[in-house]
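Enquirer: Mind having a look at this structure? Questions to follow.
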Amino acid sequence: MNTKRTRIVLIDDHKLFREGVKRILEFEPSFEVVAEGDDGLTASKIVKENNPDVVLMDINMPTMNGVQATADLVRHFPDTSIIILSIHDDESYVTHALKTGAQGYLLKEMDSDSLIEAIKVVSEGGSYLHPKVTHNLVQEYRRLAQENMSRTAEKNLEYRKPLHLLTRRECEVLQLLADGKSNRAVAESLYISEKTVKNHVSNILQKMNVNDRTQAVVSAIRKGWVEVTY
């Protein structure tokens, strides 16, 4: 049976890094790296010639950086999904990239499983953030929320599991997502398989009517459904 392969373009000015990423992706039978580039300025030409499903885009490049190149691709090739690759986990970088139109944001310290998972999620129309990035965004949300809450209101924020909506296991998974854990880390914490974790996450997103895990976590914090200790 012929299965459609996800066509991928790599844009990064570090050749050694590109080769490492390409080697990882070649082990995934449903992926095909169709082209590479070393500058954001050439990204549009490469995408036009190769019609990829996903572009892995370095954020720091000469001549034109990844965010600028992403804005250009989003404008001219709206059907192509873009994942930013970065060494920066600062909330401002992440927010800027996502506002520009990127569907994913990965740190270059990612493991191969996270890279593969991100491409699969994004190619299916979802969004994916590195767990550490999610953690930092949630921290920033907490800081801003606390600035706008009186001390009395904050003390009255009651932690309560959303058992009216989620199963007990889904509540556990949601809490671990709020702790910034990846699917693998959640699986190890709960002694279940990663496939089971993915099913739980999918159910959580559907029940909470959100598009990705970051939205789920932020919504859960706002409603007092998870404990956030950091």
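Enquirer: Looking at the range 44-57, which of its residues are touching a Leu at 6+ places or on another chain (Cβ under 8 Å) and open to solvent by less than 20 Å² (accessible area, probe 1.4 Å)?
Expert: Once the filter is applied, which keeps residues that are touching a Leu at 6+ places or on another chain (Cβ under 8 Å) and open to solvent by less than 20 Å² (accessible area, probe 1.4 Å), the range 44-57 yields 47, 55, 56, 57.
Enquirer: Within the range 183-229, which residues are in a loop (DSSP other than H, G, I, E, B), open to solvent by 30 Å² or more (accessible area, probe 1.4 Å) and closer than 24 Å to residue 111 by Cα?
Expert: Within the range 183-229, 191, 192, 193, 211 qualify.
Enquirer: Taking the range 79-101 as the search range and keeping residues that are hydrophobic (A, V, I, L, M, F, W, C) and over 18 Å from residue 7 (Cβ atoms), which one is most open to solvent (accessible area, probe 1.4 Å)?
Expert: By that ranking, first place goes to 87.
Enquirer: Here's something else I'd like to know. Test residue 41 against the stated conditions and say whether it is open to solvent by 50 Å² or more (accessible area, probe 1.4 Å), among the hydrophobic types (A, V, I, L, M, F, W, C) and over 16 Å from the mean Cα position of the chain (by Cα).
Expert: yes
Enquirer: Next question, about the same structure. On the basis of being modelled with pLDDT of 90 or more and either on the phi > 0 side of the Ramachandran plot or not aliphatic (A, V, I, L, M) (or both), does residue 39 make the cut? Step through it out loud before you land on a result.
Expert: On the way: modelled with pLDDT of 90 or more: no; either on the phi > 0 side of the Ramachandran plot or not aliphatic (A, V, I, L, M) (or both): yes.
Against the criterion (modelled with pLDDT of 90 or more and either on the phi > 0 side of the Ramachandran plot or not aliphatic (A, V, I, L, M) (or both)), residue 39 does not qualify.
Enquirer: While we're on this one: If residue 17 satisfies all but one of (1) open to solvent by less than 40 Å² (accessible area, probe 1.4 Å); (2) in a helix (DSSP H, G or I); (3) touching a Lys or Arg at 6+ places or on another chain (Cβ under 8 Å); (4) not aliphatic (A, V, I, L, M), what's the number of the condition it fails?
Expert: (1)
Enquirer: Would you check which residues across the range 18-55 are closer than 16 Å to residue 82 by Cβ and of a type in the set (S, T, N, Q) and list them?
Expert: 42, 44, 50, 51, listed by residue number.
The values are calculated or read from the model by the stated rules, or taken from the named source; none is laboratory data. Everything numeric here is computed off the predicted structure, so don't read it as measured data. No Cβ is skipped: glycine too gets one built from the backbone with ideal geometry, and neighbour counts run over all protein chains shown. Keep in mind that these areas ignore ligands, DNA and RNA; they rest on the heavy atoms of the full protein, side chains included. Shrake-Rupley method; radii C 1.70, N 1.55, O 1.52, S 1.80 Å.
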